[in-house]
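The numbers here are math on the coordinates, done by the rules we state, and not lab data. Every value quoted in this text rests on a predicted model; they were computed, and no experiment measured them. Cβ coordinates were reconstructed from backbone atoms using ideal geometry, including for glycine residues, and neighbour counts include every protein chain displayed.
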Amino acid sequence: MGKYFGTDGFRGEANKKLTVEHAFKVGRFLGWYYGQDYKARIVIGKDTRRSSYMFEYALAAGLTASGADAFLLHVTTTPSVSFVVRTEDFDCGIMISASHNPYYDNGIKIISGSGKKIEAEVEEKIEAYIDGEMGELPLATGEKIGRTVDYVAGRNRYIGHLISMATRSFKNKKVGLDCSNGSASAIAKSVFDALGAKTYVIHNEPDGTNINRGCGSTHIEVLQQFVLDKGLDVGFAFDGDADRCIAVDETGRIIDGDLILYICGKYMKEEGKLTNNTVVTTIMSNLGLYKAFDRAGIAYEKTTVGDKYVYANMCENGHCLGGEQSGHIIFSKYATTGDGILTALMVMGVMMDRKVSLSSLASEVKIYPQLLKNVRVADKQAVKDNAAVQEAVASVTGALGENGRILVRESGTEPVIRVMVEAESDELCEQHVDAVIAVMKAQGLTDEE
């Protein structure tokens, strides 16, 4: 990770860690970098945070000052920016979002011309420019100054693309959607309505400060209750920029990214569409998923946490399905990044084709109890290097043996260490997670507020 860019872009509290000046400089650099031989075309999308408008205008000002044309998708999803960039000949795309973070945070994600997250070397050059290490860039003058273009038509084409992905009508299916008061609010309902579903929507009235607040994929309990109260067949919850999807079956059970990978992976294998008979996961996936894959005769690979690492593995090895427990699911035939709404459509497709409930599709996987706690720290590297913490982790590993595991890792976007344990009971998970966190506190490594 770089000084500013983490695993998912440049992210932080708006106008504190990520300022409007940063956004202007990102725009200035990208407009110059892609426009050295011709006038660059760069598309911008944003989520519903109050600060997204500020950053949109700052980025557009930087781009046009460097001579690029900025095409504004307005409120849209991260995967829609990826789709528009790769299908409509843009040099790159920018998504303004902090994903599942609170409204006061924001982020700048840069997407390459091929629809993938930008290369690390480009991020390094942007950081060097922000820090004044490469001097000032020339300003465009006269007719070379760029312009902004209202490009809501690009978002509409993405909606049409999603609708075209479905192979069956969803007629008579009662579907709940939790749009997290974020990007999905502008898109999801229209897609499911067009496919014939009886669509019930919650948290689709963004006001700039309610994105992810007590709703969406990080507060799935709200959708669970909604599905039960309304007697729905299925529910889907998205995060702020709609690149994640977590489902709820008709009984109220959470169908997370692991279960979605199993349901779609097994279906694709049976249909002869699972390239290399392999699903790409991350180290956070549940042991129960791997045992289910073994029973189904499906191979799997594990990457470090982050959907960009999942996609890199998929590209390198030619795999077509991968994702994270958190709900980032990538279907490489259709997308180059996680796409929450597309994932929901794929799950619906399996349900409609097999003519069975979501609970039935997920029943073959026995999920091990898993507990993850986030610990705010002042120095993530100091925690990783601490001998007492390492000893505590080794002790838990020995105690669990083959019937569980512990994973301690740093967040790529926050000053947080994540401690996760899988074991045969919730009690064991709690015991082992708390034991490691207690050592961190005793060593003075936590940053308690």
So, counting K/R as plus one and D/E as minus one, what does the shell of residues with Cβ under 13 Å around Ser51 add up to?
-> +2
Among Gln431, Ala58, Ala197, the residue whose Cα sits farthest towards the positive end of the charge dipole of the chain, when +1 is placed on the Cβ of each Lys and Arg and -1 on the Cβ of each Asp and Glu, is Ala197
Where the only charges are on Cβ atoms (+1 Lys, Arg; -1 Asp, Glu), what is the dipole of the chain about its Cα centre, to the nearest 20 debye?
-> 1240
Treating only Lys and Arg (+1) and Asp and Glu (-1) as charged, each at its beta carbon, one finds that the range 392-449 has a dipole about its Cα centre, in Debye to the nearest 20, of 280
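Using a cut-off of 14 Å between beta-carbons, work out the net charge of the residues near Glu143 (Lys and Arg +1, Asp and Glu -1, Glu143 not included). Could you put the intermediate results ahead of the total?
On the way: positive: Lys39, Lys144, Arg147; negative: Asp69.
Around Glu143, the charge tally is +2.
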In terms of the alpha carbon gyration tensor, root eigenvalues a ≥ b ≥ c, rounded if a/c is under 1.5 and otherwise prolate when a/b exceeds b/c or oblate, the chain is oblate
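By the gyration tensor of its Cα atoms, with a ≥ b ≥ c the square roots of the eigenvalues, what is the shape of the range 5-152: rounded for a/c under 1.5, prolate for a/b over b/c, or oblate? Mind dumping the intermediate values first?
Numbers: a/c = 1.43, a/b = 1.17, b/c = 1.22.
In terms of gyration-tensor shape, rounded.
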Charge dipole magnitude, Cβ of K and R +1, D and E -1 - the range 26-88, Cα centre, debye nearest 20 | 140
Considering only Ser217, Val350, Gly412, whose Cα is most displaced toward the positive end of the charge dipole of the chain, charges sitting on Cβ of Lys, Arg (+1) and Asp, Glu (-1)?
-> Val350
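Output the antiparallel fraction of DSSP beta bridges having both residues in the chain, as a percent to the nearest 5.
Values: 36 of 67 bridges.
Beta bridges within the chain, antiparallel portion: roughly 55 percent.
Going highest first, how would you order 217-223, 384-390 by mean Cβ packing within 10 Å? Provide the component values of the computation, followed by the final result.
Details: 217-223: 20.1, 384-390: 14.0.
So the order, starting with the most tightly packed, is 217-223, 384-390.
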Using only helices, what value at 222 nm comes out for the chain when you add -39,500 (n - 2.57) per DSSP H run of length 4 or more and divide by the total residues, to the nearest 500 deg cm²/dmol?
-> -12000 deg cm²/dmol
Under 16 Å from the Cα of Lys173, which lysines turn up, not counting those fewer than eight places away in the same chain?
-> Lys189, Lys198, Lys230, Lys355
Shape call for the range 370-442, from the Cα gyration tensor axes a ≥ b ≥ c (a/c under 1.5 means rounded, otherwise prolate when a/b beats b/c, else oblate), comes out prolate
Apply the Karplus parameterisation 6.51 cos²θ - 1.76 cosθ + 1.60, with θ equal to phi minus 60°, to every residue of the range 50-63 and state each ³J(HN,Hα) to the nearest whole Hz, in sequence, with x for glycine and proline.
-> 3, 6, 5, 5, 4, 5, 4, 5, 5, 5, 4, 5, x, 4
Order by protection proxy (mean Cβ within 10 Å, highest first), peptides 182-189, 303-310, 257-264, 244-251 = 182-189, 257-264, 244-251, 303-310
Of the residues Val305, Gly401, Ser360, the Cα lying farthest along the dipole of the range 288-402 towards its positive end, which is defined by charges on the beta carbon of Lys, Arg, Asp and Glu, belongs to Ser360
Could you calculate the contour length gain from Val356 to Leu407, that is, 0.36 nm times the residue separation minus the distance between their Cα atoms, to one decimal place in nm?
-> 14.8 nm
